[in-house]
Amino acid sequence: MLTMKDIVREGHPVLRQKANEVALPPTEADIHTLRSMIEFVMNSQNPEIAAQYELRPGIGLAAPQIGVPKRMIAVHVADHDGKLYSYALFNPKIVSHSVERSYLSGGEGCLSVDRAVSGYVPRYARITVKATTVDGEEVKLRLKGLPAIVFQHEIDHLNGVMFYDHINQDDPFAIPENATPLER
Ligand code: UDB
Ligand code: ZN
């Protein structure tokens, strides 16, 4: 199983590379990697397992964060209504997005970043994502709220983008244009 030892940290060049598309149908090795990613995220939210293996409770993970430069992400997060968004995806792509933005009022962190970076990270309020699931099904997902933010954070990793790249350097807490805050 994956643990924090497998998580690549800030400064590793793989986090700044553009990840490669996964050839479909995926190989057994790619399927195994993606399954291990969603397992890590779910394990990290299980208090007993997280304590035993010292896992940070994560809500998403992108393959470059385990040193694999391929377009694969895992997300396991509930929205404000408690609805679960649990996805292990190949080649996720944002096919449309709102003009309206949102941002987490507490800012963002990252499993690959061992320091606090403060400031608002502007995101699209709503996105539509097309992808192929780990089970080989093509899906089109309409997302808002926290799930939309997590998907954007993870897809950014596939493009070598870190959350703090989006923070206003002159004024980290400037309210982004057109944006509404998302409280935790
Ligand atoms: C996380 N978790 O998993 F708004 F209930 C972060 C860490 C880095 C703090 C572990 C997190 O933000 N949890 C959270 C947020 C809420 C409400 C709530 C729990 N990631 C995943 C990551 O680094 N993926 O690459 C960072 C998140 C920041 C915004 C979306 C992903
Ligand atoms: Zn991250």
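Scan the range 149-177 residue by residue and report those that are assigned to a helix (DSSP H, G or I) and not charged (D, E, K, R).
Step one: filter the range 149-177 for residues assigned to a helix (DSSP H, G or I), giving 149-158, 163-166.
Of everything in the range 149-177, those that are assigned to a helix (DSSP H, G or I) and not charged (D, E, K, R) turn out to be ILE149, VAL150, PHE151, GLN152, HIS153, ILE155, HIS157, LEU158, PHE163, TYR164, HIS166.
Could you list, ordered by first residue, the pairs with Cβ atoms under 7 Å in which the first is in the range 121-143 and within 16 Å of ligand 1 (Cβ to nearest atom) and the second is of a type in the set (Ser, Thr, Tyr) and not in a strand (DSSP E or B), at least 6 apart or interchain?
Short answer, once both residue conditions are applied: TYR124/SER98; ALA125/SER98; ARG126/SER98.
Residue-by-condition table, conditions (1) touching a helix residue (DSSP H, G or I) at 6+ places or on another chain (Cβ under 6 Å); (2) of a type in the set (A, V, I, L, M, F, W, C); (3) closer than 20 Å to VAL68 by Cβ:
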residue: LEU146; (1), (2), (3): no, yes, no
residue: LEU158; (1), (2), (3): no, yes, yes
residue: GLN169; (1), (2), (3): no, no, no
residue: ALA174; (1), (2), (3): no, yes, no
residue: ASN178; (1), (2), (3): no, no, no
residue: PRO181; (1), (2), (3): no, no, no
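From the list VAL134, VAL129, VAL95, VAL139, pick out the single residue that is open to solvent by less than 10 Å² (accessible area, probe 1.4 Å) and either touching a Phe, Trp or Tyr at 6+ places or on another chain (Cβ under 7 Å) or more than 23 Å from HIS12 (Cβ to Cβ) (or both).
That would be VAL129, the only listed residue that is open to solvent by less than 10 Å² (accessible area, probe 1.4 Å) and either touching a Phe, Trp or Tyr at 6+ places or on another chain (Cβ under 7 Å) or more than 23 Å from HIS12 (Cβ to Cβ) (or both).
With the checklist (1) under 17 Å from ASP165 (Cβ atoms); (2) over 12 Å from the mean Cα position of the chain (by Cα); (3) among the charged types (D, E, K, R); (4) within 13 Å of ligand 1 (Cβ to nearest atom) in hand, flag the one item ARG56 doesn't pass.
(1)
LEU34 - would you say it is away from ligand 1 (no atom under 12 Å from the Cβ), within 15 Å of the chain's Cα centre (by Cα) and assigned to a helix (DSSP H, G or I)?
yes
Contact list please: Cβ distance under 6 Å, first residue in the range 89-100 and within 11 Å of ALA148 (Cβ to Cβ), second residue among the charged types (D, E, K, R) and in a strand (DSSP E or B), pairs at least six apart or on different chains.
So the pair list comes out as SER98/ARG126.
Do any residues in the range 29-56 that are small (Gly, Ala, Ser) have Cβ atoms under 7 Å from those of residues that are buried (at least 19 other Cβ atoms within 10 Å of the Cβ) and outside any helix (DSSP H, G or I), where the two are at least six apart or on different chains, and which pairs are they?
From the range 29-56, the pairs are SER36/LEU2; SER44/LEU55; SER44/GLY58.
Just one of ARG142, ARG184 is modelled with pLDDT under 95, basic (Lys, Arg) and on the phi < 0 side of the Ramachandran plot; which is it? Full working, then the answer.
Values: ARG142 fails: modelled with pLDDT under 95.
ARG184 is the lone residue from the list that is modelled with pLDDT under 95, basic (Lys, Arg) and on the phi < 0 side of the Ramachandran plot.
So in the range 142-167, with the set limited to residues that are charged (D, E, K, R) and away from ligand 2 (no atom under 16 Å from the Cβ), which one is least open to solvent (accessible area, probe 1.4 Å)?
So in the range 142-167, the residues charged (D, E, K, R) come out as 142, 144, 154, 156, 165.
Narrowing further to those that are away from ligand 2 (no atom under 16 Å from the Cβ): 142, 144.
Working: ARG142: 163, LYS144: 137 Å².
Once the filter is applied, the top-ranked residue is LYS144.
Only one residue in ARG56, ARG71 is of a type in the set (Lys, Arg) and open to solvent by less than 70 Å² (accessible area, probe 1.4 Å). Which one?
ARG71
Take ASP170 and tell me if it is over 17 Å from the mean Cα position of the chain (by Cα) and either more than 27 Å from HIS12 (Cβ to Cβ) or within 16 Å of ligand 2 (Cβ to nearest atom) (or both).
Considered against the rule, which asks whether it is over 17 Å from the mean Cα position of the chain (by Cα) and either more than 27 Å from HIS12 (Cβ to Cβ) or within 16 Å of ligand 2 (Cβ to nearest atom) (or both), ASP170 comes out as yes.
If the requirement is being over 19 Å from ALA62 (Cα atoms) and either among the charged types (D, E, K, R) or not in a helix (DSSP H, G or I) (or both), which of these qualifies: THR128, THR180, THR132?
Values: THR128 fails: over 19 Å from ALA62 (Cα atoms); THR132 fails: over 19 Å from ALA62 (Cα atoms).
Going through THR128, THR180, THR132 in turn, just one is over 19 Å from ALA62 (Cα atoms) and either among the charged types (D, E, K, R) or not in a helix (DSSP H, G or I) (or both): THR180.
The values are calculated or read from the model by the stated rules, or taken from the named source; none is laboratory data. Bear in mind that the values here come from a model prediction, so they are computed numbers and not experimental data. All Cβ positions, even for glycine, are placed from backbone atoms using ideal geometry, and neighbour counts span all protein chains on display. Quick note on the areas: whole protein, heavy atoms, side chains included, nothing else; ligands and nucleic acids left out. Shrake-Rupley method; radii C 1.70, N 1.55, O 1.52, S 1.80 Å.
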